[in-house]
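Working notes, structure below.
The values are calculated or read from the model by the stated rules, or taken from the named source; none is laboratory data. Quantities reported herein were computed from a predicted structural model and do not represent experimental measurements. With ideal geometry, Cβ positions are generated from the backbone for all residues, glycine too; neighbour counts draw on all protein chains shown. When the accessible area is computed, the model is the full protein with side chains, heavy atoms only, and any ligands, DNA or RNA have been set aside. Shrake-Rupley method; radii C 1.70, N 1.55, O 1.52, S 1.80 Å.
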Amino acid sequence: MDHARDDAAAKAAADAYRAGRHVLTFKIVQAGTNSRSTGIMPGVGEQIEAIEAQGWYLDKMSAEALGGERTALICLFRRRP
């Protein structure tokens, strides 16, 4: 678990919320995963939870292979109604 990444995600989300933003796009880079296997992506859920705790909800997500064993998850969050 990487609390620094969770804290950075929470801070970015809180700052955007306070600034009155209605949409937040956040990129989560996951290293050390094998794209050919199914399983837990360590740290991803924790970062999403940290953002949602700031008043956002995950609306859409897409993935991009970065090469090697790295994947970028592009997450679009919206403010909770």
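Numbers at a glance
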{"quantity": "Filter pass, ALA63 being free of Cβ contacts under 8 Å to residues at least 24 places away in the same chain, in contact with a strand residue (DSSP E or B) (Cβ under 7 Å, 6 or more places away or on another chain), of a type in the set (A, V, I, L, M, F, W, C) and more than 20 Å from ALA12 (Cα to Cα)", "calculated": "yes"}
{"quantity": "Of all residues making up segment 25-56, the number that are under 10 Å from the mean Cα position of the chain (by Cα) and over 13 Å from THR71 (Cβ atoms)", "calculated": "10"}
{"quantity": "Number of the exception - GLY20 against (1) open to solvent by less than 50 Å² (accessible area, probe 1.4 Å); (2) over 14 Å from the mean Cα position of the chain (by Cα); (3) touching a residue at least 12 places away in the same chain (Cβ under 8 Å)", "calculated": "(3)"}
{"quantity": "Residues of segment 1-29 satisfying the condition of being in contact with a Pro (Cβ under 9 Å, 6 or more places away or on another chain) and not acidic (Asp, Glu)", "calculated": "MET1"}
{"quantity": "Evaluation of ILE40 against (1) surrounded by fewer than 12 Cβ atoms within 10 Å (Cβ to Cβ); (2) in contact with a strand residue (DSSP E or B) (Cβ under 9 Å, 6 or more places away or on another chain) (one fails), failing number", "calculated": "(2)"}
{"quantity": "Filtered residues of segment 43-81 (kept if surrounded by 11 or more Cβ atoms within 10 Å (Cβ to Cβ) and polar (S, T, N, Q))", "calculated": "GLN47, GLN54, THR71"}
